[in-house]
Amino acid sequence: MVASFLLNTKAEFLKSKRTMAFWLTVVGAAFVPGINFISLVARPDRFVRVYKDNPWQQIINENWQVATVFILPMYVILVISLVVQIEYRNNTWKQVYTLPRTLADIFFSRFVVIHSLILFCLILFNASIVIASCAANLVHKQYTFFDHAVPWKRMFLISVKIYFSVLAITSIQYWLSLRFRNFIVPVGIGLALLITGLTIHSWEHLYYYPYMYPAISFLPNFEKIPSFVQKAQLFNAIWFVMVLLIGFFDLVQRKEKG
Amino acid sequence: MHTIIETQHLHFAFQTGQKILDDLNLQVPTGSIYGFLGPNGAGKTTTLRLLLGLLKKQDGDLTLFGQHFQRHRLHILRRIGSLIEQPSLYLHLTGKENLEIFRLTYQCDKNRINEVLKLVGLQQAANKKAKNYSLGMKQRLAIAIALLHDPDVLILDEPTNGLDPNGIIETRELIKQLNREFGKTILVSSHLLSEVEKMATHVGIIHKGKLLFQGSLQQLQQLQSQQSVVEIEVNDITKAQLAIKDHFPLKHVHGSRLVVDYESRERSALLNKLLVQQDVEVYQLAVAQNDLENLFIQITAQ
């Protein structure tokens, strides 16, 4: 049972080879650090001063702040749809459902692939920050990145926190992507919900709202109210589990598969 | 002969109430090539999708290998290879990678990939991406996938659809070879009788969701001869009708021609004699062989 789940998950990984989902992960991870690299190289007059005392802490915050609010949720929305679209686009669902695999196996193995891609994206993002900063330091010797140790622990902790903050979005988007054959529908709904979140960011009950959990878990003005963040974490877990189960139940109930 | 696939009183309707399958009792004998024949929209694909669990069963029973589908889904699927409608391939992957994906699930030996590639004649193209394949090659790769785990039963939905004449012949030969050399039972659907006639050992004819004929190819051919007619061209239709009316039931009149059922050579001679004895001039007397194509149209037109 476990062995066949692992093999099937491996097969699901193989399917994402050379796909848009894979390239989006790579490009998406390097996007913000890449822009930061250009700024660092283009405007040393401005940034050498900014990143003088605590360069790593500063640059890491800078990158995450831009990434968490919009780019990361958007990446999650897109990558999930792209992974599910592999089957829709190739018309392969019918072959998947006629394999000797349980429905749970089909449902969860793909979810594992999606989460692996998201984790991979976060690792690449961290690596890109370090590489971009060091590379800028090579161009302009005035930067002090080489003089300070890279705060690996802090990077790791932020990454873990941010990873957990997208869990609710992953199950909602996974369900939507499985539900609708047309790629535009889940992406459109996801984007609309994300933008709605940004416009209601000052709502006092924002902790109910899944698409804002990444922002809540990182932005300093939310960090000031721990109870608010805790509530968000609780609802994140509830959304995640609940929608994942609904999505699975919906798949089991579907009259026509593939 | 045992049946390996069986449906009992299978019904299926759309939510709008439109009936797709109406009391379908399919019986596919073990070791046969069962040609599942019917015009487009007759319910062939629906039946095959139900057999594979792609559609939720509404009413009736499905048995494969003597087991109920719902209760033994995984066990049954492990013994079936299928190709439903267009080939299901990951176009961004190579032929070999496509097979590898399915090999992992079926947990079969790595050698199997080369074996099935050889069987369908795709070794040369194994490392080409599937999107660069011709339709015929895609179809063959899909068949290779269906064969990967050495299943007892193959379910192929219109496998020659869209292929060029060469591809059609190759696919047909492959199906026959799989049946003959590897003992596979093959359920193959088609809307072309000529196609089925060339490879099937058994035939089921479906039309508007009903199974109108089911039996061996010989039985179908017998039915064909039963449906043959004798056409007689005479000078006086009324007189001729009177002459034969006690001996031969008239089918219909066609201008100056009478049409009656063909029974035997001797009866045809008697027919002629009766007419001549009554002074009817017989210009022509011919047995019109109803070919299968006509038979098919007749059966489905009922």
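Taking the criterion of being assigned to a strand (DSSP E or B) and within 16 Å of the chain's Cα centre (by Cα), the residues of the range B:24-67 that qualify are B:Leu24, B:Gln27, B:Val28, B:Pro29, B:Ile33, B:Tyr34, B:Gly35, B:Phe36, B:Leu37. Going by the structure shown, is B:Leu117 under 16 Å from the mean Cα position of the chain (by Cα) and either within 13 Å of chain A (Cβ to nearest Cβ) or assigned to a helix (DSSP H, G or I) (or both)? When the stated conditions are applied, B:Leu117 does not pass them. Residue count for the range A:33-56 satisfying the condition of being among the acidic types (Asp, Glu) and over 12 Å from A:Gln142 (Cβ atoms): 1.
Would you confirm, using the coordinates I've provided, whether A:Tyr75 is buried (at least 16 other Cβ atoms within 10 Å of the Cβ), modelled with pLDDT of 95 or more, within 30 Å of A:Leu193 (Cβ to Cβ) and within 14 Å of chain B (Cβ to nearest Cβ)?
no
Do you know which of the residues in the range B:120-140 that are polar (S, T, N, Q), surrounded by fewer than 17 Cβ atoms within 10 Å (Cβ to Cβ) and assigned to a helix (DSSP H, G or I) is nearest to the other protein chains (Cβ to nearest Cβ)?
Initially, the range B:120-140 is screened for residues polar (S, T, N, Q), giving B:123-124, B:127, B:132, B:134, B:139.
Going one step further and asking which of them are surrounded by fewer than 17 Cβ atoms within 10 Å (Cβ to Cβ), we end up with B:123-124, B:127, B:132, B:134.
Those still in the list that are assigned to a helix (DSSP H, G or I) too: B:123-124, B:132.
On the way: B:Gln123: 21, B:Gln124: 21, B:Asn132: 14 Å.
The extreme case among them is B:Asn132.
Among helices (runs of 4 or more DSSP H) entirely within the range A:170-234, having at least 1 residues that are within 16 Å of the chain's Cα centre (by Cα) singles out A:184-199, A:213-218.
Here is a yes/no grid of residues against (1) within 30 Å of B:Val196 (Cα to Cα); (2) of a type outside the set (Val, Ile, Thr); (3) in contact with a strand residue (DSSP E or B) (Cβ under 6 Å, 6 or more places away or on another chain):
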position: B:Gln218; (1), (2), (3): yes, yes, no
position: B:Gln224; (1), (2), (3): yes, yes, no
position: B:Val229; (1), (2), (3): yes, no, yes
position: B:Asp236; (1), (2), (3): no, yes, no
position: B:Gly255; (1), (2), (3): no, yes, no
position: B:Leu270; (1), (2), (3): no, yes, no
position: B:Val280; (1), (2), (3): no, no, yes
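Checked against the criterion of being aromatic (Phe, Trp, Tyr), surrounded by 17 or more Cβ atoms within 10 Å (Cβ to Cβ), under 25 Å from the mean Cα position of the chain (by Cα) and modelled with pLDDT under 90, the candidates B:Phe296, B:Phe248 yield just one match: B:Phe296.
Of all residues in the range B:93-112, at least one satisfies being within 8 Å of chain A (Cβ to nearest Cβ) and surrounded by fewer than 16 Cβ atoms within 10 Å (Cβ to Cβ). A count restricted to the range B:170-210 and to residues that are of a type in the set (Gly, Ala, Ser), more than 12 Å from the chain's Cα centre (by Cα) and under 18 Å from B:Ile4 (Cα atoms) stands at 1.
Out of all the residues in the range A:37-56, is one or more in contact (Cβ under 8 Å) with a residue 12 or more places away in the chain, within 14 Å of chain B (Cβ to nearest Cβ), over 25 Å from the mean Cα position of the chain (by Cα) and assigned to a helix (DSSP H, G or I)? For the range A:37-56, residues in contact (Cβ under 8 Å) with a residue 12 or more places away in the chain, within 14 Å of chain B (Cβ to nearest Cβ), over 25 Å from the mean Cα position of the chain (by Cα) and assigned to a helix (DSSP H, G or I): absent.
Against the conditions (1) at the interface with chain A (Cβ under 10 Å from one of its Cβ atoms); (2) in contact with a Ser or Thr (Cβ under 7 Å, 6 or more places away or on another chain); (3) not charged (D, E, K, R), B:Val153 satisfies every one except (1).
Listed here are the residues, each with its yes/no results for (1) at pLDDT 95 or above; (2) of a type in the set (Asp, Glu); (3) assigned by TED's automatic domain parsing to the domain that holds B:Val203; (4) buried (at least 18 other Cβ atoms within 10 Å of the Cβ).
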{"residue": "B:Asp22", "(1), (2), (3), (4)": "no, yes, yes, no"}
{"residue": "B:Ser32", "(1), (2), (3), (4)": "yes, no, yes, yes"}
{"residue": "B:Gly43", "(1), (2), (3), (4)": "no, no, yes, yes"}
{"residue": "B:Thr47", "(1), (2), (3), (4)": "yes, no, yes, yes"}
{"residue": "B:Gln58", "(1), (2), (3), (4)": "no, no, yes, no"}
{"residue": "B:Asp61", "(1), (2), (3), (4)": "no, yes, yes, no"}
{"residue": "B:Ile76", "(1), (2), (3), (4)": "yes, no, yes, yes"}
{"residue": "B:Glu85", "(1), (2), (3), (4)": "no, yes, yes, no"}
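Report every pair of residues separated by at least 6 positions or lying on different chains whose Cβ atoms are under 9 Å apart, first residue within the range B:237-264 and under 27 Å from B:Gln224 (Cβ atoms), second among the charged types (D, E, K, R) and assigned to a helix (DSSP H, G or I). Sorted first by the residue in the range B:237-264, then by its partner, the pairs are B:His247/B:Arg267; B:Phe248/B:Arg267.
May I ask you to list the residues in the range A:161-194 that are among the aliphatic types (A, V, I, L, M) and without any contact (Cβ under 8 Å) to a residue 12 or more places away in the chain? Steps first, please.
Applying the first criterion (among the aliphatic types (A, V, I, L, M)) to the range A:161-194 yields A:162, A:166-169, A:172, A:176, A:178, A:184-185, A:187, A:189, A:191-194.
Once the filter is applied, which keeps residues that are among the aliphatic types (A, V, I, L, M) and without any contact (Cβ under 8 Å) to a residue 12 or more places away in the chain, the range A:161-194 yields A:Ile184, A:Val185, A:Ala192.
Among what's in the range B:68-87 and is over 30 Å from B:Lys131 (Cβ atoms) and assigned to a loop (DSSP other than H, G, I, E, B), pick the residue that is nearest to the other protein chains (Cβ to nearest Cβ). First the steps, then the outcome.
Within the range B:68-87, the subset over 30 Å from B:Lys131 (Cβ atoms) is B:68-76, B:79.
Now drop any that are not assigned to a loop (DSSP other than H, G, I, E, B), which leaves B:69-72, B:79.
Working: B:Phe69: 12, B:Gln70: 13, B:Arg71: 14, B:His72: 11, B:Arg79: 9 Å.
My answer is B:Arg79.
The values are calculated or read from the model by the stated rules, or taken from the named source; none is laboratory data. No experiment lies behind these values; they were computed from the predicted model shown. As a convention, Cβ positions derive from the backbone with ideal geometry for all residues, glycine included, and neighbour counts pool all protein chains shown.
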